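The values are calculated or read from the model by the stated rules, or taken from the named source; none is laboratory data. These numbers were taken from a predicted model, which means no experiment stands behind them. Because the Cβ atoms are built from the backbone with ideal geometry, glycine has one as well, and the counts that use them run over all protein chains shown. The area values use the complete protein model at the heavy-atom level, side chains included, leaving out ligands, DNA and RNA. Shrake-Rupley method; radii C 1.70, N 1.55, O 1.52, S 1.80 Å.
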Amino acid sequence: FSLSLENELTWDDSDWGSWENPDGKEDGEEEEQQSAPWLQDCVLSLSPCSDLLVIAREHKATFLSAKWRTEEGGQEEMTLTVTWSGTLSADEGSSTGRPDWTCVVVGFSSGYVRFYTESGVLLLAQLLHEDPVLQLKCRTYEIPRHPGVTEQHEELSILYPAALVTIDGFSLFQSLRACRNQVARAAAAGSDVIQPPPLAYKKWGLQDMDKITDHSSIGITTLSVFDQMKNASMLGGFHASVKGSPPAMSQYITVGGGPYTGFYYAIEGSSQPLLSHVALAVASKLTSALFSAASGWLGWKSKNEEESVQKQKPKVEPATALPVRFGLPDSRRHGESICLSPCNTMAGVTDDFGRVTLLDVARGIAIRMWKGYRDAQLGWVQVSEARGERDLATSPSMPRRHAQFLVIYAPRRGILEVWGTQHGPRVGAFTVGKHCRLLYAGHRLMGVNSVTSQGWQIHTQQVCLFDPVNGALRAVTIPFHLALSDKKSERAKDMHLLRRLTTLLRSREVDVLLDIKHPAIKKQALESLLSNKNAPVSCLTNVTRALLASLKEQDPEAVDESLLQFCSSQLKLLQLYTDVQLLLLLSIQPSFSGIEEDLARVGPVLQRYTEMNSRPCVSFAQDSSGPLPVRTFLSQLEWVNGELRVIKQPDADWTQLGSFLFWGCLSGQSPLQRVCETLQESGISPQQLLSLLLSGWLNKEKDVLKYPDAVSHLGTLLSTLSSMKGAVDESWDGQSVSPWWQQVRTACVQSESSAAALLAALVAHRVAKNSITRLAESKVCLWGEEWECVSMELEQWVVCIKQLEDVLALQTLLCLPSPQGSTGGAVTRCSVKTLLESGRGGVADCVSKLIFRQGMSPDVLRDILQRRGENEPVEQQLQQGKEEKLEGNHFFKLCVCSLLESVCQRFPNSLSPDVLFAHCSWENVVQWNKDPEVKTINNHKEVATAYFFYALLSGVSAMMWQTFIVKRFSAAAFLMEKVGKAPKDRLCRRDVGMGDAAMRSFLGSSVQLLQALMEADSAVEEVSAPDVCVEEVWGGAEGPVSIVELALDQRSVHYPLVQHHCVLASLLHAAMTFSLRLKPLSLFDSKGKNAFFRDLSSIQLLPSGDMDHSLVAVRQEFLMNVLTGWVKVLAESEENGVKHSSTEDMWPSVCMELSSILQVNTDILRRHLVCELYNQGLDLRAEEVMMEVQDKDVLGSQLLVLTGQRLASSLLHSQSQTKPNMELLARLPPTLCTWLKAMDPSELRCPSVPLSQSSRLINKVIEMLPENHGQYSLALHLLEAVDSLHEEP
C-alpha cells in the first residue's frame, strides 16, 4: 500500500477536560457518510517514546519516524515522515528498544518471529512454534513503588492459538545488541560474523480453554500464607499439605471463550528455560539488505535460497502443559482483548457483547463493568503527582502518589472517554471520528534495570489516538487533580493551575536556554521560543544575541556549526523585521505620471466595479489586518547558502508578508527609497520582492481602491525594483519578452481581483514602456540614426490590458446582487486565466448563470442583443436614471441591462445571440435538474423563436433531452403505466423525484421541447451551421468543449421517433392535467413500446399500417375523456370569472392532432366535444366547433336527445311545476310525451339553461336533420313545445 509523505502528529491538549459539561453527545449520533478508511484493515503499533509508528497490511509495512516542527499557530507538533517501506507478511507488530534506536518485532502466520531495525534491516528470526502468531506483548522494568514489592524482569511474550512463549528480556536485549553491532560492522567493513548469545525462552501449552484471542503476562507473584492455604484446600482437599513458604509463580491471564477469562499460574522452576540458537544472516546478505533498504524496499530471498532455508528448518521444542487455575465462566460471552494497567493490579477486558470489564488481577474477580462499548479499544494512563520544592524539603523520602485512568475509545459512537479507577467517575468525554485507532504500547524502554535507571526519568507510557481521516496523532494527557475528587471540584483544578503557574514564573527562559548542553535540544528550545506568539521582538532579539555571544565565546571546534548558523540567520531576520517596523513613518513620496489617460479611459468601469463591491460584508476579528507577528515573519524567510529566500507558502501568507513589507509604501506612510534599500541590503532577490509586492497589491483590492495615490506609489516601487541588480536581464534589448515583466503579467492574469490587476498592468506597462524608450534612445545616440520603437514586449502588454479590461467589465456584471428570494449560487469570480482555461464557452457560461440568477426573460434578453451598439452609452443611461430618481427596482433592472449590453459589446463573438441563448437554455435545465420542485423549465417554444441557426437549436434540444429529461420522463411513463392513473404526490416524489404539480409542469415542458426539436429538424437544412469563433485577444482559450460545439456535433434526430415520443408526452401531460385513468404504454403495440426511450438519432421500427380496432377504441375513449375534462375545467373557470390562458385553450387542437396520428376518427371527437359543450351549457363555444363537424346527421341525433333532456328537466323534473307547464304537457302529442318521460335529465351537468338557448339548439338540429330522417317530426314537435314554453309568461 502507499502512504502520504507527511502525516501530522499533533500534540494538542488545549481542549482537554470539559469541566462544566463533560457529558458530551454519546447516543443517537448519525452515521458518518464516508466509508471506513483503508487504515482500519491495517495493524498499527507505536513505540513507547512515540517516535516510530509502524503500519502493516497484508504483505507490506511502512515505518514512520517523528520530526518536530512548529506550526503557524505557535503550537509545537510532530510530523511523521516515511523512514522505511517494505514487503512483509506480518500478522501483528510491536516495538521496543532504547532511545537511540528502535527494534520492530513482527509475528508471521508461519510461526516465525522476526526482528527489524527502524530502517527495515532484518536482525534475527526465530521459529518457536508452528502456528500463526496472534499477539506480541512486552513487559519492561518498573521501579518498585513500595519496599517489599517483587522486582519484575523484562520479557517478550508471544501468543499462539494454543501456546504461549516467553523470551527473557535480558537474553533478548543482548542478542539484539549483538545483531545490531554485526549489521553495523557488515555495512562498514564486511567483518566476520559474531555469534550472538542464544535466546532463553519458556513455552507453555495453555489448556482447558476452547479459544484464546489475547493474553497478558502479569509477572512473578508471591501469595500470602492465607491464599496459599486456601488454594491448597481447594485443589488438594481436606488432607492437603502446605509448604513452609509460598512459592513464586508467573501469572498469565488469557481471554477468549470457554471460559471467558482464564488465570494461569506457572510455578518458578517447574520448567527449565529452553535455549535457541539465533539464526543470523551472512554478512554479505546483510550488506545487500542494507543497500536495498536504503532504496526503500527490502528484497527477500530468491526461490532457491528460500527452498534451502526450508530444508534447514530449525527444531521446534514441545510445549510444557499448563492447566488453567480458575476463570470467569460465561458460555455465551467471548473475550476480544485485554489491556493491563501500568501497575499490574488491574486489567480491562472487552468482549463481543459490547462490555468493558475491569478485573482485579490479584483476586481474579471482576470489579466493574461498562456497557455500550462495542468494538472498544482500551488504554491506560498513569499520572504521578507533581512535587513542589516545599514537599521535597519536608519529606524527600515519601513516595509520590499515582493515579490510574482507563481510556476507552468507542468507534461505533465516535467517543473517547476517560474514567477514574477503580470506581471513579468519568473525568472527560470527547467527540472524535468513528474510524480512529487507539494506540497504547503497554510497556516502556527495554534494557533498563535498577542500576541504569538511576539518575534519569523513564519515559512515561502514552495513550495516543490516530485519526486516519486527517492523519493527526493526538496524545491523551490527564491532570493529576482529576483523581483527587469528583469532576465538579473547582478547588482541585485551581490548585493544580496555581502550582503550574508558580513553576513557570520562577523559571528564567534565558538562563534555562543557556544551560541546555545538547546542541539539538538547544536549537529546538530556540525554535520554540521564536515561535511564541506572545514574546516581543525585543525579547527575542536579546535572547538570540545572548545565545550567539555564548556560542562565540566557546571553543570553535566544540561549537555545533548548524546551531551557530541558525542563531546568526535568525538574528539577521529579527533585525530586518525591526528595521522595517521602524520605517513606518510619514514621508513625502515621489510622484509617478504618464497613466492619466489610461485611468480616465477605464475610470467609469472602475467606478461601477467599486460600487458593486462596496456592499457590507461579514468579517471576523481574527482576520483583521494587524501588524505581522514576528513568528510568522521568521517562519516565512530562511537563509540558504548566505542568501535570504522566501519560503513557498500559501497565497494568504505571501499576501501577509508582502503587505508588511510594502503596504506602508503603497499607502504613503513609509519612505519608499529607504525601504527598498533595506530590502536590497537584506539579500532578498528582486524577483521574490516583486512577487511579494504583487501579492500584497492584488489581494488588498478594496484598500487599493480607497487610496487614489496608491497607483503612483506602485509605479515608483516597480521602477525602483526593476532598476535593482538582477531584476531585468542586462542583455534584454526590448525586442524579446522579458522574464521580469512576464512575471508581472502572469500574476495579473491569474488574479481574481480584476480592478487591482488592471491597475497593476497599466502601471507596469508604463514602466516597461519608459524602460524600452530609454533603451531605444541610447541605441539612437550610439548608432546616430533613427530608431523605431517596436517591441514584442509592448505587444504582449497591449493584449494583456485588453483582456483585463474585458474581465473587469465581466466581473462588474457578475457582482450584481441576486434578486431577493432567488437561487442560483454565489457570485462567480473570474480571471483572465480562468476564462482562457474554460474554453470558448467560458464567457457565455458565466453570463448565462447571471441571467438565470437575475430571472431575466427571453424577450428582455432578445431586446438587449438586438439593440446592442445602437443606444446611448451605458454611463449616460445610468446617470439619467440617477437624475430622474427612478424607482429602486426599475433602476436596478436598467443597471442590469446596461451592464449586460456593455459586456456583449466587448464580447461580440463569444456572446452572439445564438451562443448566449444556447447557454441560457442549458443553464436553465441544469438548475431545474438540481431542484425540480422550486425551479421550472422555461417555455421552450419562446426560447426556440430566438434561435437563428436551427442546427444549434436541434443539437441543444437533443442534448437536454438525453442528459436531463429522458430519465425522469421514462420514470413518469412507467409509474403511470403501473398505477393506471395519474399518480399521487407521494408516488411522484418516490419514482420521478418531484411532486405531482411539478411533474405536470415537467411533462408540459417535455412536449414543448420535443415540438421544438421537430421544428428545428424540419428547418435545419434551410440555414447553414454557424462558425464557433471568439475575439482575437481571446483566441488562445483552451479548455473543455463548449455547449455550442457539442450541440453542433450532435447527430441529426430521427423525426418519426421524436414525434412518437411527443405523442406519449402529450398523453402523459393530458392525464396529469385532468387526473384521468390511463396506462400510456398500453395505447401502443409492441413496436411502439420498444421504440420508446431510445436515442432520438437512432432508426427504430415504428408502428405502421392499420392498428387493431380494440387499441383504437381505447385511444378514442381516452381522447374523449380529455375533451370532457377540458370542458369541465372551462366551465368552472367561466363560472368563477377566471380568464383563460392560451395554453388551456390548446387542448381541443392537441386532441385533434393526436387523433390523426393515433388513427382515431377526428369527426367523432368533434361531435363528442360539441355534445360536451352543450351538456355543460356552453352553447356559443359548441356552435363554433359544430361548423367543423362532417357527419351532421349523427350530430343532429345526438343533440336531439340533449334537447329532450333539457325540455324534460324543465317540464317533468322541475321542483316548482307551474300550471301552464302542466297544461302544455297535456297538449303535447302522446308520442312526444312518452319520449320526454324516457329522457334522463340527470345526465346534464348544466340543466338550468335559458329556453332561448334551447330554442336555438333545436333549430340547429332541424337544420342538420334531413326531412326524411326518422326523428325529423320529433324535432318539429320539440320546437313547438319549446316555443310554447318560451311564450308562457
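General remarks:
- Accessible surface of segment 103-168 [probe 1.4 Å, protein heavy atoms]: carbon and sulfur percent: 55 percent
- Sites GLN207 and ARG645 - FRET efficiency at Förster radius 60 Å, r taken between beta-carbons, to 0.05: 0.30
- Each Cα pair under 8 Å and six or more residues apart adds its separation to the average, and for segment 1053-1209 the resulting relative contact order is 19 percent.
- Residues of segment 216-237 with amide N under 16 Å of the 7 Å Cα→Cβ point at ASP131: 216
- Beyond 27 Å in Cα-Cα separation lie the following of the pairs LYS702/LYS725; LYS434/LYS533; LYS533/LYS700: LYS702/LYS725; LYS434/LYS533.
- Value in Å of the Kirkwood radius, where segment 948-1067 supplies the Cα pairs that are averaged: 16.2 Å
- Sorting LYS967, LYS648 by accessible area puts them as LYS648, LYS967; the probe is 1.4 Å, largest comes first, and only protein heavy atoms count.
- About its Cα centre, segment 624-713 has a charge dipole of approximately 160 debye under the convention of +1 per Lys or Arg Cβ and -1 per Asp or Glu Cβ, with nothing else charged.
- Treating r as the C-beta distance of THR773 and ASP1027 and R0 as 56 Å, the FRET efficiency rounds to 0.85.
- Dimensionless Rg ratio for segment 1088-1129, taking C-alpha atoms and the 2.2 N^0.38 Å reference: 1.62
- Per-atom-type breakdown for segment 1077-1152 gives carbon and sulfur 50% of the accessible area (1.4 Å probe, protein chains only).
- Think of a 1.4 Å ball rolled over the protein heavy atoms: segment 1050-1189 then has 47 Å² of accessible area per residue.
- Unsatisfied cross-links (Cα-Cα over 21 Å) in the set LYS137/LYS211; LYS802/LYS833; LYS648/LYS769; LYS849/LYS893: LYS648/LYS769
- Judged by the mean number of other Cβ atoms found within 10 Å, the most tightly packed of the peptides 1191-1197, 156-162, 549-555, 325-331 leads the ranking 156-162, 1191-1197, 325-331, 549-555.
- From most to least packed by mean Cβ count within 10 Å, the peptides 246-252, 800-806 give 800-806, 246-252.
- Sorted on the mean count of surrounding Cβ atoms within 10 Å across their residues, most packed first, peptides 1162-1175, 1059-1072, 702-715 read 1059-1072, 1162-1175, 702-715.
- In this label model, GLU385 and GLU681 are separated by 6.0 nm, measuring between points 7 Å along each Cα→Cβ vector.
- Compared with the alpha-carbon gap, the fully stretched path from ASN181 to GLN1190 is longer by 352.0 nm at 0.36 nm per residue.
- Segment 126-266, accessible area per residue, ligands and nucleic acids excluded (1.4 Å, Å²): 45 Å²
- On segment 330-387, 46 percent of the accessible area sits on carbon and sulfur atoms, based on a 1.4 Å probe.
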